[in-house]
Structure formats: structure tokens, C-alpha cells
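Throughout, read-outs are computed from the coordinates displayed, never taken from laboratory work. Everything numeric in this text was worked out from a predicted model, so none of it was measured. A quick note on method: Cβ atoms are made from the backbone with ideal geometry, for glycine too, and the neighbour counts reach across all protein chains shown.
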Amino acid sequence: MSSSRIETTFAALQAAGRTALIPYVTAGFPFADITPALMHGMVEAGVDVIELGVPFSDPMADGPVIQKAGEKALALGIGLAQVLDMVRTFRQRNQATPVVLMGYANPLERYEQQRGKGSFARDAQAAGVDGLLIVDYPPEECEEFAAELRAHGIDLIFLLAPTSTPERMQQVARVASGYVYYVSLKGVTGSGALDTAEVAAKLPLIREHVKIPVGVGFGIRDAATAQAIGRVADAVVIGSRLIQLIDGQPHERVVGITVDFMRQIRKALDTASDENKR
């Protein structure tokens, strides 16, 4: 089977000794029509993979910042079908940058109830989705679904946490593809202060079991934190801070603010990569 866009992207980055930059934005936030333009702006700023949050009314892993963004997007009428439309629009001009949908089981299951079993994988592939991260799908219940997604060229991505046991890491390693997402804090998105030494100590343990790239997220708020994590992780995921920056901004400023912030993070990651090469 041909490699996915995510695999191809990580292989190129690893060959160049660079860390992947993965921003997370809630689809349809802060304006219903802004997401494709925001995605193109982020690519210009040097991001490697884009995570799009699928709005959901009860996002249990997310802190108040992302919850509020999701509520606003839902109020603007954004659901999974609209998110797929956004990816389709983005793909008209960009065939290279991987797009991962991050969300919860409920919208996905409702989508399939309305359109028939297997409709999500088919429609997501047609729209140009490369990966899926469903927070409340445990790996032990996902083997069939992972195989169905892979048959459509889509990677199923899982979370690991500071509390994950070696057994859990092995379960994830069996079904995950693309990359795994290490949640660097106990708690919800955007919470607490990040202990970079703790992350650096945990990653070798994860890599004993997981042979695909490991991204780190939750608690990365600025260039300095991103740089510290970039020295040890294959990817840095940044979400809540970006959503805070664009919340309440006028339409015409959202993309520019995002581009400026992403450029700062990209520069910090590339500095860390250059230091690692020396």
C-alpha cells in the first residue's frame, strides 16, 4: 500500500532533521468561513500537519478555551459535514499538507447513522483527510475501524498520557499509524505548566513500544516551550494558545495573527533542530 501523506511528511522532516509543527484549530472558529484561509496561512508560515477540531457539545478532553471555540462553531452551524467541506476547499489549492480531524465519537457515529455504515471513511478520503484522532475511541475497540480507515489511506492517531502503562503503549502501537500524540500533562487542553524534563524522560519509554513518530501537545504556549519540546519530540502540537490569540479578533486580522505566531514557533523549532545537528 502506498504511504500516507502523514508518513511522507514525517519521513521528509526526519531526513532533514526537523521537528514537525502541528497547529490545532477548531473548524469554523472564530468565523464559519475562515478555516480554509487560515489553513493556507499556516502552511505559508511553515506548519507541517494541520489538526482540525470537529466541534462537539461535550468535549471532555478539552479545557475552557477549546470548549468555548467549539460552542461558537456549533452555534455557527459547523458539524462534521461542514468540516469535510472545508478540507475539500483547502485541497483545491494544496495537495501536500496532511490534515488530521480531531474530535469525539458522537459526531462520527451520527454521520454514519445518517449516511450509512462506511460513509465516513469514504467521504473523508474523497475530501482529502489524512488522519483521524477520536479522543474517546480506545485502541482495543478500534482494530476494525483502523483497518477500514487505512484501506481509505487515512491514519488513525491515538493519545498517550503521562499515566499510560507499557501495556497501553503496546495496544496503541498495534493499531496506530501516522503518529501518536503524547499528552504532556494530566488534565485537559491548555491546563497547567509543562515540565519539559518529564517529557524528555518519558519519550524514550514510549519509543520502546511505539515505532512511529511521537508528537507532544497540551501546555505548549510559546516559542520557548516549543523549542524545548522540539529538541526531544518528533512533532510539537499547539492549540489552546492559538485559539486564545484569535478569539475576539476581527475577521480581517485572524489569518495574519495566526501566521505571525506560527512563524515564531517554526523559527524556534528550526533553531532547536540546528542545535541538535551540531
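Here are the numbers:
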{"read-out": "Hz values of 3J(HN,Hα) by residue in segment 76-83 - Karplus curve (6.51, -1.76, 1.60), Gly and Pro given as x", "value": "8, x, 8, x, 4, 4, 5, 5"}
{"read-out": "Cα gyration tensor of segment 215-278 - equivalent ellipsoid semi-axes, whole Å, descending", "value": "25, 13, 7"}
{"read-out": "Cα-based Rg of segment 1-128 normalised by 2.2 N^0.38 Å, two decimals", "value": "1.07"}
{"read-out": "Volume of the Cα convex hull of segment 56-172, divided per residue and given in Å³", "value": "125"}
{"read-out": "Packing rank of 70-79, 221-230, 108-117, where each peptide gets the mean count of other beta carbons within 10 Å, highest leading", "value": "221-230, 70-79, 108-117"}
{"read-out": "Amide H contacts under 5 Å for Gly53, placed H, 5+ residues apart", "value": "Val25, Thr26, Ala27, Met102"}
{"read-out": "Rounded Å value of the spacing that divides the Cα centres of segment 67-87 and segment 135-163", "value": "22"}
{"read-out": "Size-normalised alpha-carbon gyration radius of segment 157-278, reference 2.2 N^0.38 Å", "value": "1.12"}
{"read-out": "Alpha-carbon Rg/Rh ratio, for the chain, with Rh computed the Kirkwood way", "value": "0.93"}
{"read-out": "Computed [θ] at 222 nm, helices only, for the chain once each DSSP H run of length n ≥ 4 contributes -39500 (n - 2.57)", "value": "-15500 deg cm²/dmol"}
{"read-out": "Most mobile listed residue (Pro30, Pro204, Pro250) in the chain, GNM with C-alpha springs under 10 Å", "value": "Pro250"}
{"read-out": "Range of Cα positions in segment 127-169 per principal axis (Å), largest first", "value": "35, 17, 15"}
